[in-house]
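What follows is a single structure, written as C-alpha cells, with notes after it.
The values are calculated or read from the model by the stated rules, or taken from the named source; none is laboratory data. In this text, all values refer to a predicted model and were calculated from it rather than measured experimentally. As a convention, Cβ positions derive from the backbone with ideal geometry for all residues, glycine included, and neighbour counts pool all protein chains shown. Protein only, heavy atoms only, side chains kept; ligands, DNA and RNA dropped before computing areas. Shrake-Rupley method; radii C 1.70, N 1.55, O 1.52, S 1.80 Å.
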Amino acid sequence: GITNYEPRFLESTADVLELHGSRLRALIGQRFRETRVVWRLDTDRWFPNCPVVLSVGDHQLEVCAWKLSEFAISWSLIALSHPLDWYGAGDEIPLQWKKNALPPLAAAENARIEAIHIIEYHHQATVVKHNARPEMVGQPLDFGWLLHGLEFTLSTGYLTISNGLDENDVSGEVLTGDAFRKIPL
C-alpha cells in the first residue's frame with residue numbers, strides 16, 4: 001500500500017460537498033504545479049488502482065475511484081518520497097510515483113483552474129441472469145445517479161478524473177451525454 005494513506009471513500013455528491021466542498025472551491029483560480037500517478041515499472045504502464053495526486057498551489061489533493069460509485073478525496077496524506085508496496089507484493093509489482101505521466105495530466109501543468117464540477121453518472125443495466133426469478137431476465141435496472149468523479153475546467157482545456165469501473169480514469173475530455181450530470185462547486 002501507501003504509507004499513512006487511509007482514504008475515506010464517499011458515495012454521494014452531498015458527502016463530497018459537505019466534507020470537501022470549501023477546500024475544493026478554494027482551488028479555483030490556482031494553478032496546477034504538477035501531478036503524480038503510480039507507475040508499474042515492469043510493464044512501463046500506469047497503475048490506475050492507486051490515487052492520482054494533484055499539486056495545486058500550496059495544496060496536495062489526492063483522488064481515487066473504487067468499486068462502481070465510490071470516490072476518495074484526501075489532502076496531503078501521501079508522502080511521495082515513501083516507497084510503494086502493493087499489498088505486500090514487493091518486487092513482483094514494482095511501483096513508483098511518476099510526474100505528469102499521462103498526457104491529460106501533463107497538459108494540466110501550470111494551467112489555472114477556472115471551475116470544478118462533481119460528476120455523477122446515471123447507472124442503468126439489464127438483468128442477464130436471475131436463478132431465483134428467471135422472469136427478471138431482460139428487465140432494466142436503474143441504480144440512479146452515482147458519484148463518478150471530478151472535472152476541472154482549466155485555462156488550457158479540461159481534466160477529468162473519474163471512476164473507470166473500480167479504478168481511476170484520467171481524461172482531457174469533457175464527459176457528455178444524458179448519462180452524466182455535473183454539479184458546480
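Being within 16 Å of the chain's Cα centre (by Cα), open to solvent by less than 20 Å² (accessible area, probe 1.4 Å) and closer than 15 Å to Asn168 by Cα, is that true of even one residue in the range 36-46?
Scanning the range 36-46 turns up at least one residue that is within 16 Å of the chain's Cα centre (by Cα), open to solvent by less than 20 Å² (accessible area, probe 1.4 Å) and closer than 15 Å to Asn168 by Cα.
Residues being outside any loop (DSSP other than H, G, I, E, B) and free of Cβ contacts under 8 Å to residues at least 24 places away in the same chain: count how many of those fall in the range 55-79.
Total satisfying the criteria: 2.
Only one residue in Ser22, Ser12, Ser69 is within 23 Å of Pro184 (Cα to Cα), among the small types (Gly, Ala, Ser) and modelled with pLDDT under 95. Which one?
Only one candidate qualifies: Ser69.
Applying the selection to the range 68-87, what residues are surrounded by fewer than 18 Cβ atoms within 10 Å (Cβ to Cβ), in contact with a strand residue (DSSP E or B) (Cβ under 6 Å, 6 or more places away or on another chain) and polar (S, T, N, Q)?
Ser76
For the range 88-122, name all the residues that are in a strand (DSSP E or B), touching an Asp or Glu at 6+ places or on another chain (Cβ under 8 Å) and open to solvent by 30 Å² or more (accessible area, probe 1.4 Å).
Those that are in a strand (DSSP E or B), touching an Asp or Glu at 6+ places or on another chain (Cβ under 8 Å) and open to solvent by 30 Å² or more (accessible area, probe 1.4 Å): Lys99, His117, His122.
Looking only at the range 135-185, count how many residues are in a strand (DSSP E or B) and among the acidic types (Asp, Glu).
Number of matching residues: 3.
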